[in-house]
Amino acid sequence: IGLYGLGGVGKTTLLTKLNNKFSTTPNDFEVVIWAVVSKDYDVGKIQDRIGENIGFPQSWKNKSVDQKAIDICGILSNKRFVVLLDDLWKKVELNLDVCGYMEAKTKIKVECLEPEKAWELFQDKVGDEALNSHPDIPNLAKQVAERCGGLPLALITIGRAMACKTTLGEWNYAIEMLKRCALPQMEDDVFSLLKFSYDNLPNATMRSCFLYCCLHPEDYCIPKKRLVEYWFCEGLLNEYDRVSDAQMQSNDIISSLLNACLLENGGEIHGEECVKMHDVIRDMALWIAHNSEATEHNFFVQAGAQLYEEPYVKAW
């Protein structure tokens with residue numbers, strides 16, 4: 001079964017719910033496997049994730065790709081199992097062709113939300129305080145929600161960006177800005193819509209710190225402590241001379257980016273709290289950097305290329 005649809009429409013959310021359902025409800029499958037593929041996927045790493053689900057020891061990861069395939073096949077060939085593959089790409093966009101290429105017998109398009117459901121989600125993210133701050137704001141808020149085209153990721157991020165807006169001027173300005181964006185039908189349309197949340201970050205330091213996060217690979221859990229050190233060493237937190245002094249400012253930046261839904265909680269790895277970027281938010285950040293919005297902090301990204309030194313200028 002192949003799920004396809006626009007970036008940010010909720011494919012991963014739906015797949016997560018399916019995974020939770022399989023894992024908590026009695027069913028006919030003996031093994032439930034979840035693996036994130038991503039654009040710059042590595043077969044060995046996907047095998048490692050499958051191996052973790054099956055129960056292979058940590059040392060098993062040192063085997064060759066061919067040997068891992070034999071081991072996985074040996075275990076699964078006698079079991080009923082379901083494999084959930086998230087973030088499966090061809091070139092740079094997930095579409096019906098990918099489902100066809102993977103020989104999916106059933107193809108299901110995940111559609112954007114209907115207007116009523118979209119409005120409910122937007123209201124939930126904006127909150128009552130902003131919506132009730134003036135009797136005319138709910139009507140303006142409906143116009144903002146309509147500009148999101150029913151795309152859940154846009155409704156969430158723009159809704160959070162508007163949660164602190166309590167004047168008619170701020171809401172009218174938002175409507176004018178969003179009118180310049182096409183309704184989300186293609187990837188660039190989604191980026192220009194989501195960029196509204198980036199533009200509404202309170203200062204240039206926070207915008208630079210946000211863009212820096214997209215230097216990490218897709219679906220990567222970024223340890224908060226290490227991220228703060230990176231920001232400090234790159235000169236993004238130039239108000240402070242010591243990383244310990246910059247910690248408080250960094251905590252505020254991370255908290256603000258989480259509240260804006262531009263970063264997500266990534267759980268804990270080896271006892272360290274992590275954050276991560278939604279793959280579409282990361283692509284949007286790369287799109288912003290590519291279009292030279294951040295003239296002071298332009299950078300080059302080629303994730304998964306195993307580069308140990310920068311390529312020749314022409315290759316950039």
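The values are calculated or read from the model by the stated rules, or taken from the named source; none is laboratory data. The structure displayed is predicted, hence computed values, not measured ones. Methodologically, a virtual Cβ is constructed for each residue, glycine included, from the backbone with ideal geometry; neighbour enumeration extends over all protein chains shown. The accessibility values were calculated without ligands, DNA or RNA, using every heavy atom of the protein model including side chains. Shrake-Rupley method; radii C 1.70, N 1.55, O 1.52, S 1.80 Å.
The residues on offer are R242, R180, and the sole one that is open to solvent by 40 Å² or more (accessible area, probe 1.4 Å) and either within 20 Å of the chain's Cα centre (by Cα) or more than 23 Å from L6 (Cα to Cα) (or both) is R242.
Between P135, P115, the distinction of being modelled with pLDDT of 90 or more and farther than 28 Å from L18 by Cα belongs to P135 only. Residues of segment 254-278 that are over 17 Å from L215 (Cα atoms), in a helix (DSSP H, G or I) and either open to solvent by less than 40 Å² (accessible area, probe 1.4 Å) or free of Cβ contacts under 8 Å to residues at least 60 places away in the same chain (or both): S255, S256, L258.
Can you list the helices (runs of 4 or more DSSP H) found entirely within segment 1-104 that contain at least 2 residues being within 25 Å of P217 (Cα to Cα) and modelled with pLDDT under 85?
43-54, 96-101
For segment 206-224, taking the residues that are assigned to a loop (DSSP other than H, G, I, E, B) and either of a type in the set (F, W, Y) or open to solvent by less than 10 Å² (accessible area, probe 1.4 Å) (or both), the one that is nearest to E268 (Cα to Cα) is identified as Y220. Residue count for segment 225-239 under the criterion of being part of a helix (DSSP H, G or I), surrounded by 17 or more Cβ atoms within 10 Å (Cβ to Cβ) and at pLDDT below 90: the result is 1.
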